[in-house]
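Derivation of every value follows stated rules applied to the coordinates shown; laboratory data play no part. Keep in mind that this is a model prediction, so the values were computed, not measured. Don't worry about glycine lacking a Cβ; one is built from the backbone with ideal geometry, like all the others, and counts go over all protein chains shown.
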There are 2 protein chains.
Amino acid sequence: MNDINKWTAWQMAEVINQGDVSAEEVTQSCLDRIAEREDAVKVWAFLDPDLALKQARACDERRSAGNPLNLLHGVPVGLKDIIDTADMPTENGSDHFKGRRPTRDAASAALLRAAGAVILGKTVTTEFAMTGQRGTLNPHDPARTPGGSSSGSGAGVADFMVPLALGSQTGGSMLRPASFCGVHGYKPTYGSISRHGVFILARELDHLGVYARSLKDVAMAGDVLMVRDVGDFDMRAHPGARLLEAFAETEENPPRLAFVKGPPWAFAEPYMDQLFGAYVDGLSDIPEVTLAGIFDEALDAQATIMNANVWMNLREYVDHYEDQLQAETVRRVIAGREISAADYIAARELTDSLIAALDGLFEHYDALITAAAPGEAPIGLESTGNAAFQRIWTLTGLPTISLPLLKGPNGMPIGVQVIGKRGKDADLIRVARWVEEQSA
Amino acid sequence: MNDINKWTAWQMAEVINQGDVSAEEVTQSCLDRIAEREDAVKVWAFLDPDLALKQARACDERRSAGNPLNLLHGVPVGLKDIIDTADMPTENGSDHFKGRRPTRDAASAALLRAAGAVILGKTVTTEFAMTGQRGTLNPHDPARTPGGSSSGSGAGVADFMVPLALGSQTGGSMLRPASFCGVHGYKPTYGSISRHGVFILARELDHLGVYARSLKDVAMAGDVLMVRDVGDFDMRAHPGARLLEAFAETEENPPRLAFVKGPPWAFAEPYMDQLFGAYVDGLSDIPEVTLAGIFDEALDAQATIMNANVWMNLREYVDHYEDQLQAETVRRVIAGREISAADYIAARELTDSLIAALDGLFEHYDALITAAAPGEAPIGLESTGNAAFQRIWTLTGLPTISLPLLKGPNGMPIGVQVIGKRGKDADLIRVARWVEEQSA
């Protein structure tokens with residue numbers, strides 16, 4: 001029973017279900033790992049071992065009482081500290097919110113609990129889920145950033161402290177940490193996971209997502225979380241995607257994949273052409289498709305929409321509490337102050353054109369494949385790295401997943417990003433499974 | 001066969017179908033009326049009698065050849081002059097576009113032609129469908145405005161020049177002319193009629209709609225026009241509403257109606273309380289429901305969104321061709337120049353809250369009822385009147401219809417506005433029929 005903490009979420013759920021291991025033992029194993037490693041990685045914004053163990057024991061009692069067990073019964077989950085919890089503080093990565101106690105769970109936290117999960121603790125986020133880092137280190141190399149803004153969630157899963165964690169992405173905050181830390185990171189189609197009770201940066205761009213150490217875990221967590229909630233105005237009517245079902249299906253034929261570089265590739269490290277080109281060549285006969293024309297304006301449009309929303313939502317903190325905020329945060333918030341409504345509308349209309357262009361592309365391909373980051377996690381903690389490889393897909397709301405399949409010249413992980421058709425998350429899971437199998 | 005021009009569209013279609021009257025005779029009858037009355041009302045921006053008769057004769061030939069006839073076979077229709085036509089100029093009410101000849105039909109024009117309609121001509125619009133009037137008079141009193149911006153379409157149907165006409169609404173441009181001119185005006189749910197090939201003021205607010213002299217004609221034209229078109233990004237997936245089918249059904253029970261005043265009522269003429277109150281009391285036991293709270297900000301939000309979009313879309317004309325534009329147009333365009341992205345986003349988010357609040361209201365009521373205008377058409381042509389009674393429903397995209405059921409103190413028409421649930425246009429038609437029957 002050593003190293004329970006290294007198991008995947010579905011393995012944990014299975015052994016707990018079968019009675020081979022108790023939920024308490026699973027949680028204790030994660031807590032032991034954290035006790036050993038927290039000082040070296042700094043993953044947790046809040047952790048109360050007693051509170052976690054209490055939840056785990058309640059799971060064991062429900063099982064003893066013969067109650068039917070749900071999908072995540074006894075599985076520990078970390079929540080990015082912008083996701084409200086009724087029993088733990090939620091500080092949004094900011095001194096301004098030090099000690100803040102929400103009165104109720106975010107919709108996503110409530111869904112996890114209803115599925116039997118143990119909310120292990122709250123993970124470190126950059127301030128307000130932007131770029132002001134809060135001390136988390138890359139578990140593979142403490143001189144390097146784990147990425148952001150979901151720093152703690154990515155690093156905690158990578159370091160075997162917790163098998164599952166929730167993060168969020170407004171620019172590139174889900175998949176970049178996944179790539180840098182070498183775990184699976186999944187951002188579903190826009191509007192799939194309720195953001196009710198989550199700190200909002202930009203309603204049109206904010207996505208919640210999942211970190212895990214296996215694709216099956218991603219699918220399992222997605223099925224629990226992708227439930228329509230009237231508390232989030234932007235949810236899809238039927239976000240439920242039956243991801244586990246899709247994961248279990250076997251692909252008869254290779255999916256039609258296209259390799260895309262597009263404007264983000266201008267930020268790729270010099271070794272990426274060779275490294276990624278060789279990887280794609282080894283996969284199968286995958287054409288490279290150009291993303292040009294209106295795609296050249298996509299990164300600017302994402303910045304316009306993000307910055308304008310950030311100013312609208314966060315100006316009150318800069319106006320009244322500037323001394324409590326990081327200088328980096330203040331700089332980011334005021335970046336949207338001068339954006340005109342006309343430029344904003346133009347960016348939104350460009351986004352519609354991008355979505356239409358991508359719809360056209362997906363008539364020919366089942367998924368797109370590209371890198372999940374410009375390269376290995378950069379050295380230094382000042383910056384959490386470049387979000388360019390995510391921003392177009394955040395803007396257009398397409399589902400994306402990072403698979404930890406590559407290593408850079410320094411042995412650091414680099415993710416393979418697979419991008420699915422908007423609203424077709426199950427197809428993305430199927431393609432991702434095929435890609436993993438080819439790469440095994 | 002006198003006064004064919006006074007028949008409704010469905011009556012015309014029926015007699016043409018049966019062979020009692022030819023399409024050419026119908027069109028000729030409308031042209032005769034126009035020859036007699038055009039100088040007094042000034043409805044047409046473009047009219048070529050030969051071109052209209054040629055279309056009508058082609059209809060008669062198709063019938064003679066035994067071809068199956070479509071819903072609007074031989075029915076003359078007027079198009080607001082912001083709707084592109086391949087065979088007639090489209091000048092958008094502006095000297096800047098004098099003589100402009102589009103190369104293809106707008107989607108709506110093409111649908112009408114495919115349904116057998118004769119495009120009689122192009123109707124006068126205010127400049128760019130805003131507030132700069134272009135000379136149309138109210139057919140009931142030449143000292144009064146017909147309303148705007150769809151001035152010619154509303155007045156032409158009211159004056160029996162044409163049984164059907166298309167207009168558009170970004171503020172209150174469909175229902176206000178209907179109220180002032182005493183015809184039926186219908187603005188379907190946002191995203192129901194394609195705006196491909198139509199001059200765009202504000203994508204988020206622009207609606208096309210229908211004028212007619214009977215509710216059945218409204219339903220018939222709606223069924224022809226409410227067809228999904230990929231050329232308009234904002235269309236609903238399934239706009240087709242089977243309005244004629246709904247019109248033909250008999251209501252067993254009185255619909256659950258609520259009388260609303262809301263912020264627009266501040267602009268109502270002094271006699272409206274008594275006039276409209278007595279009308280509603282006579283209908284049946286209809287509660288008055290207050291629209292307050294966030295509704296107090298709705299008119300401002302609509303202005304913010306409209307003005308910001310107008311500046312984005314029309315600034316090029318002010319920047320380069322100001323001398324060709326009306327002073328009123330220039331004033332309206334630059335009104336949006338200083339709007340910030342943050343204020344714009346806040347207005348959009350308020351709109352989502354308004355839609356949610358209205359969804360809640362429609363759990364208790366089938367439709368809302370209110371006035372379609374502040375009162376009778378005002379005297380003078382300088383202003384086309386106040387759009388306040390439409391702007392909340394334009395902003396929230398709910399379907400609305402104006403029924404010509406009331407008269408003001410000077411004998412001028414005043415419309416009864418019925419407002420339906422978003423996406424439930426067939427229900428609105430059913431309720432409107434009930435309201436008309438009660439008022440007969």
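Cα centroids of the range A:199-240 and the range B:153-206: how far apart, whole angstrom?
Centre-to-centre (Cα) distance: 40 Å.
How far apart, in nm, are the 7 Å Cα→Cβ label points at B:I294 and A:H320?
Label at B:I294, label at A:H320, 2.1 nm between them.
Using a 10 Å cut-off on Cβ atoms, rank the peptides B:308-315, B:49-56, B:3-10 from the highest mean neighbour count down.
On the way: B:308-315: 23.2, B:49-56: 17.4, B:3-10: 19.4.
The most tightly packed comes first, giving B:308-315, B:3-10, B:49-56.
Just from its helices, what would the mean residue ellipticity at 222 nm be for the protein assembly as shown, if runs of 4 or more DSSP H residues each count -39500 (n - 2.57) and the sum is divided by every residue, rounded to the nearest 500 deg cm²/dmol? Walk me through the intermediate numbers first.
On the way: 28 runs with 348 residues, N = 880.
One gets -12500 deg cm²/dmol as the mean residue ellipticity at 222 nm.
What FRET efficiency do you get for B:A86 and B:F233 if R0 is 25 Å and r is their Cβ-Cβ distance, rounded to the nearest 0.05? List each step's numbers first, then the result.
Working: r = 23 Å, r/R0 = 0.91.
It comes to 0.65.
At A:H238, with labels set 7 Å past Cα in the Cβ direction, how many nm apart are the copies from this one, shortest first?
Copy-to-copy label distances at A:H238, shortest first: 1.0 nm.
Along Cα→Cβ at 7 Å, what distances in nm separate the A:G293 label point from those on the other copies, shortest first?
4.6
Within the range A:95-138, list the trypsin sites (Lys or Arg not before Pro) lying in a DSSP loop whose Cβ has at most 10 other Cβ atoms in a 10 Å radius. Before the final figure, lay out each step's value.
Working: sites: A:K98, A:R100, A:R104, A:R113, A:K122, A:R134; in loops: A:K98, A:R100, A:R104, A:R134.
Within the range A:95-138, the qualifying trypsin sites (Lys or Arg not before Pro) (loop, at most 10 other Cβ atoms within 10 Å) are A:K98.
Using a Förster distance of 25 angstrom, determine the FRET efficiency expected from the C-beta separation of A:E252 and A:A357, and round it to 0.05. Write down the numbers at each step before the final one.
Working: r = 29 Å, r/R0 = 1.17.
For A:E252 and A:A357, the calculated efficiency is 0.30.
Where the convex hull is taken over the Cα atoms of the range B:333-440, what is its projected area averaged over directions, in nm²? Each step should come with its number before you reach the end.
Details: hull surface 35.9 nm².
Averaging across all directions leaves 9.0 nm² for the Cα convex hull.
Other chains near A:329-341: what is the mean number of their Cβ atoms within 10 Å of each residue's Cβ?
Values: counts 0, 0, 0, 0, 0, 0, 0, 4, 3, 2, 5, 10, 19.
Going residue by residue through A:329-341 and averaging, the value is 3.
Counting pairwise Cα distances across the range B:4-247, what percent come out greater than 31 angstrom? Mind showing how you got there, number by number?
Details: 3915 of 29646 pairs.
Value for the range B:4-247: 13 percent of Cα pairs lie more than 31 Å apart.
Please check chain A for the longest run free of GluC sites (Glu not before Pro) that are loop-located per DSSP (anything but H, G, I, E, B) and have at most 15 other Cβ atoms within 10 Å. Show your work: numbers first, answer last.
Numbers: sites that count: A:E249, A:E251, A:E252, A:E338, A:E363, A:E382.
It works out to A:1-248.
Chymotrypsin sites (Phe, Trp or Tyr not before Pro), restricted to the range A:250-291: which are DSSP loop and have at most 15 other Cβ atoms within 10 Å? Could you put the intermediate results ahead of the total?
On the way: sites: A:F259, A:W265, A:F267, A:Y271, A:F276, A:Y279; in loops: A:Y271.
Loop-located and lightly packed - A:Y271.
Run down the lysines and flag those whose C-alpha is under 25 Å from the C-alpha of B:K187, throwing out any fewer than 8 positions away in its chain.
Partners within reach: B:K6, B:K42, B:K80, B:K122, B:K216, B:K261, B:K407, B:K421, B:K424.
Please give the length that would be gained between B:A335 and B:D39 if that part of the chain were fully extended, namely 0.36 nm times their separation in residues minus their C-alpha to C-alpha distance (nm, one decimal).
Taking 0.36 nm per residue and subtracting the Cα distance, the gain is 103.1 nm.
When Cβ neighbours within 10 Å are restricted to other protein chains, what is their mean count per residue of peptide B:345-353?
Details: counts 14, 2, 1, 6, 6, 0, 1, 3, 1.
Per-residue shielding by partner chains comes out at 4.
Within the set of other residues whose C-beta is less than 12 Å from the C-beta of B:R33, count the net charge using Lys and Arg as +1 and Asp and Glu as -1.
-3
Could you calculate the FRET efficiency of A:I379 with A:Q438 from 1/(1 + (r/R0)^6), where r is the beta carbon distance between them and R0 is 35 Å, rounded to 0.05?
Numbers: r = 32 Å, r/R0 = 0.90.
Result of the calculation: an efficiency of 0.65.
Dividing the alpha-carbon radius of gyration of the range A:55-176 by 2.2 N^0.38 Å (N being the number of residues), what value is obtained?
Details: Rg = 15.1 Å, N = 122, 2.2 N^0.38 = 13.7 Å.
The range A:55-176 yields a ratio of 1.11.
What are the membrane-span-like helices in chain B by this rule: whole DSSP H runs, Cα extent along the axis at least 18 Å, mean Kyte-Doolittle hydropathy at least 0.5?
Working: long enough: B:23-41 (26 Å, -0.55); B:49-64 (22 Å, -1.14); B:298-321 (33 Å, -0.20); B:341-361 (30 Å, 0.63); B:425-439 (21 Å, -0.53).
Correct list, ordered by number: B:341-361.
When all alpha-carbon pairs of the range B:46-89 are counted, what percent fall beyond 12 Å?
Values: 636 of 946 pairs.
Result for the distance tail: 67 percent.
In a Gaussian network model over chain B where Cα atoms closer than 10 Å are linked, find which of B:D60, B:D273, B:D425 has the largest mean-square fluctuation.
Of B:D60, B:D273, B:D425, the most mobile in the Gaussian network model is B:D273.
Inter-copy label distances at A:E363, 7 Å along the Cα→beta-carbon direction, one decimal in nm, shortest first?
A:E363 label point versus its equivalents elsewhere: 4.1 nm.
Taking each pair of different alpha-carbon atoms in chain A once, compute 1/r for the pair, average those values, and report the inverse of that mean as the Kirkwood hydrodynamic radius in Å to one decimal. Mind dumping the intermediate values first?
On the way: mean 1/r = 0.0465 Å⁻¹.
Kirkwood radius, chain A: 21.5 Å.
List residues of the range B:420-440, by number, whose backbone nitrogen lies under 15 Å from a label position 7 Å along Cα→C-beta of B:R242.
B:424-430, by backbone N distance to the label point.
Please compute the average number of Cβ atoms from other chains found within 10 Å of each residue's Cβ in peptide A:301-313. Walk me through the numbers on the way to the answer.
Details: counts 0, 0, 0, 1, 2, 0, 1, 5, 4, 1, 4, 8, 4.
Whole-number average of other-chain Cβ neighbours for A:301-313 is 2.
How long are the three semi-axes of the equivalent ellipsoid for the protein assembly as shown, computed from the Cα gyration tensor as the root of 5 times each eigenvalue, in whole Å, largest first?
Details: eigenvalues 668, 158, 135 Å².
Semi-axes from the Cα gyration tensor: 58, 28, 26 Å.
Taking the Cα centre of each part, how many Å lie between the range B:92-107 and the range A:368-423?
Cα centroid to Cα centroid, the span is 47 Å.
Relative contact order of chain A, please, whole-number percent, based on alpha carbon pairs below 8 angstrom and at least 6 residues apart.
Values: 1029 pairs, mean separation 76.1, N = 440.
Computed value for chain A: 17 percent relative contact order.
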